[in-house]
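Enquirer: This is the structure, below, for whatever I ask next.
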Amino acid sequence: MIPLASPTLFLYGPPATGKSTCAQNLAVALGKRALDLDTLVEQRLGQSIPAYVAEAGPEAFRDVETSVLENLCKSRPNAVVALGGGSLLRNNNRQMVETCGPVVCINTPIDILAKRVERKAGSRPFSKNADALRKTLEERQAHYASFPLTINVTGEQPPQEVWPRVMMTLGRYLVSGMGNPYLVTIAPNAIDELPRVLAKLEPKPRHVLLIGDSNTMPLYRNRVFKALETEIPSYTIPAGEENKTIQTITRLWEVMGETKIERNDIVIALGGGVVGDLTGFAAATWLRGIRWINLPTTLLSMVDAGIGGKTGADLPQGKNLIGAFHSPCAVLADTETLATLPKREIRCGLAESYKHAIIGDPELIPLLRDFAQGQTDIDALTRMVIRAVGVKVQTILKDPFEKTGQRAALNLGHTIGHAIEAASNFKLAHGEAVAIGTVAAAQLSERMMLTQPGLSDKIRNDLTHLGLPTEIPSTHTPEDYLNYLNRDKKKSAGFVRFALPIAFGQVKTGIVVPHEVLYEILAK
């Protein structure tokens, strides 16, 4: 089971894996303390561990270690704890720790560990040198392999590259660079973390307003009330992209006034991308900006629309032409809600996830196929969402406000996709339009000789297996689509700029496509 956010997290693994350094980095990212079990033991002993083991013996040391660990688990500190390399060899210690919080085991190649031990020979009582370490690891190999949450480090990776992988394993990401950093938690029953998120807010909100739509409110409103152990004011907007308008925003402002939402209060979005975009934009503009929390309930909003701080509404001239960057205080993606999604909504989320696979994680594609073929195991689905979100978060961190062009890779499939979606009067779902737009982007890339022939066929084949459309509808003329393209919000210096796939794992941004080439692809 993917663990929920817990006040105490544990890092475990063989000696010399860098657990202490990794814990310090992770603690900063999560707003927790960093604790080192060996340091706590030495404080209890009043001397170093090697000296005590030499004097009293290994079992006496393990007894003290167990006692310190028991006190730590009873207090359940808000901390990331680096455990000693053998601290969970005793079954009661392991059971005690796993009851307290999730354990991530970090495994590092033995040759790298041996070099580290040799550099500090004698500092570890059970791995004094490389030969002793190899013997220890042989004895504990099955033990370390038995932990379900494991990171296998390859090569001499520094701690600053390891701790983000720990967060990914735990289903958490820290998004920064756009005002106050906020935590994204992806887990079954993540809505249960809402009280903890609210309790951490400073100043404390006096009023909380829940906003959802006519699909999500009947399904999940009581789920939110149960998590909060109380009912709060709520407002339901009509479901559907056609209601993502300035008129709906105006009504949300009115509701905020009626429920006395003040500068230090908070609104909660419960729903898909439309609910998140509207709620976030209303929060960005009410009293010049109030706080909000996002509870995405669709696959599409979990992997894409619900993360990144982009908020807004549509105009008749095009999608998302009004909006603001306004990051939430937290994102809680409760993957249990995916069980209620219609198949069409699932496919739309798969389109955005596939886009992320092209951008930065091609190995995600087999997981998407499993999902499309009816994979229902909640842990497997959660891990798929975690992988897809990871690509988006890493892309955002490189370019939070779209200044360098790197974040524009997330626009892959959207430029033509938005035009197709708008031309259909939103009868074509967003994810369906993005799938068509992704194939078209690959065709443009081939036509401009930016990639090898065959890329668009591979993408079309993959998307077809995911149950998504891949052909530009013939219901409109190329001129119709060009009309919508020329209103694109990302137009710069008079040109619409495209994100085009070069290969799986590589997308080139800021591409100006000649008119005749674009017309040719639209005419196909």
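Enquirer: Can you tell me which residue is farthest from residue 167 (Cα to Cα) among those in the stretch 25-37 that are buried (at least 18 other Cβ atoms within 10 Å of the Cβ) and either among the small types (Gly, Ala, Ser) or at pLDDT 95 or above (or both)?
Expert: Going residue by residue through the stretch 25-37, those that are buried (at least 18 other Cβ atoms within 10 Å of the Cβ) are 25-27, 29-30, 32, 34-37.
Subsequent filtering for residues that are either among the small types (Gly, Ala, Ser) or at pLDDT 95 or above (or both) retains 27, 29, 34-37.
Details: 27: 11, 29: 9, 34: 15, 35: 17, 36: 18, 37: 20 Å.
Looking at the filtered set, the residue picked out is 37.
Enquirer: Still on this structure: If you go through the stretch 442-455 one residue at a time, do you hit one that is in a loop (DSSP other than H, G, I, E, B), at negative phi and either charged (D, E, K, R) or surrounded by 22 or more Cβ atoms within 10 Å (Cβ to Cβ) (or both)? I'd like the intermediate steps shown before the answer.
Expert: At the first step, the residues of the stretch 442-455 found to be in a loop (DSSP other than H, G, I, E, B) are 448-454.
Those still in the list that are at negative phi too: 448, 450-453.
Narrowing further to those that are either charged (D, E, K, R) or surrounded by 22 or more Cβ atoms within 10 Å (Cβ to Cβ) (or both): none.
No, every residue in the stretch 442-455 fails to be in a loop (DSSP other than H, G, I, E, B), at negative phi and either charged (D, E, K, R) or surrounded by 22 or more Cβ atoms within 10 Å (Cβ to Cβ) (or both).
Enquirer: Any idea which of (1) at pLDDT 95 or above; (2) more than 14 Å from residue 439 (Cα to Cα) is the one residue 497 doesn't satisfy?
Expert: Unmet condition: (1).
Enquirer: If I filter the stretch 243-252 for residues that are of a type in the set (A, V, I, L, M), within 16 Å of residue 291 (Cβ to Cβ) and assigned to a helix (DSSP H, G or I), do I get at least one hit? Before you say what the answer is, go through the steps one by one.
Expert: Here is the first cut: in the stretch 243-252, the ones of a type in the set (A, V, I, L, M) are 246, 249, 252.
Now drop any that are not within 16 Å of residue 291 (Cβ to Cβ), which leaves 252.
Next, only the ones that are assigned to a helix (DSSP H, G or I) stay: 252.
Within the stretch 243-252, one or more residues are of a type in the set (A, V, I, L, M), within 16 Å of residue 291 (Cβ to Cβ) and assigned to a helix (DSSP H, G or I).
Enquirer: Right, residue 383: at pLDDT below 90, farther than 18 Å from residue 274 by Cβ and under 17 Å from the mean Cα position of the chain (by Cα) or not? Step through it out loud before you land on a result.
Expert: Numbers: at pLDDT below 90: yes; farther than 18 Å from residue 274 by Cβ: yes; under 17 Å from the mean Cα position of the chain (by Cα): yes.
For residue 383, the condition - at pLDDT below 90, farther than 18 Å from residue 274 by Cβ and under 17 Å from the mean Cα position of the chain (by Cα) - is met.
Enquirer: Can you name the residue in the stretch 475-521 that is β-branched (Val, Ile, Thr) and part of a loop (DSSP other than H, G, I, E, B) and, of all such residues, is most open to solvent (accessible area, probe 1.4 Å)?
Expert: 475
Enquirer: Separate question: In this structure, does residue 151 turn out to be at pLDDT below 85 and β-branched (Val, Ile, Thr)? Lay out the reasoning, then the answer.
Expert: Working: at pLDDT below 85: no; β-branched (Val, Ile, Thr): yes.
In short, no.
Enquirer: Pick from 330, 419: which is more than 20 Å from the chain's Cα centre (by Cα) and open to solvent by less than 50 Å² (accessible area, probe 1.4 Å)?
Expert: Numbers: 330 fails: more than 20 Å from the chain's Cα centre (by Cα).
Matching residue, one of 330, 419: 419.
Enquirer: Further question: Please list, ordered by first then second residue, the pairs with beta carbon atoms under 6 Å, 6 or more apart or interchain, first in the stretch 174-188 and part of a loop (DSSP other than H, G, I, E, B), second open to solvent by less than 10 Å² (accessible area, probe 1.4 Å) and at pLDDT 90 or above.
Expert: Taking only residues 6 or more apart or on different chains, the pairs are 178/309; 188/335.
Enquirer: Same structure, new question: Can you find a residue in the stretch 404-415 that is modelled with pLDDT under 95 and open to solvent by 30 Å² or more (accessible area, probe 1.4 Å)?
Expert: yes
Enquirer: Quickly run through the stretch 338-352 and pick out the residues that are assigned to a helix (DSSP H, G or I), of a type in the set (A, V, I, L, M, F, W, C) and modelled with pLDDT under 90. If you could, list the steps in order and put the result at the bottom.
Expert: Quick first cut of the stretch 338-352, residues assigned to a helix (DSSP H, G or I) only: 338-340, 343-352.
Imposing the further condition that a residue be of a type in the set (A, V, I, L, M, F, W, C) reduces the set to 338-339, 346, 348, 350-351.
Listed by number, the list holds a single entry, 339.
The values are calculated or read from the model by the stated rules, or taken from the named source; none is laboratory data. All figures in this text were calculated on a predicted structure; none of them were measured in a lab. Virtual Cβ from ideal backbone geometry, glycine too; neighbours counted across all protein chains shown. Calculation scope for accessible area: heavy atoms of the full protein, side chains included, ligands and nucleic acids excluded. Shrake-Rupley method; radii C 1.70, N 1.55, O 1.52, S 1.80 Å.
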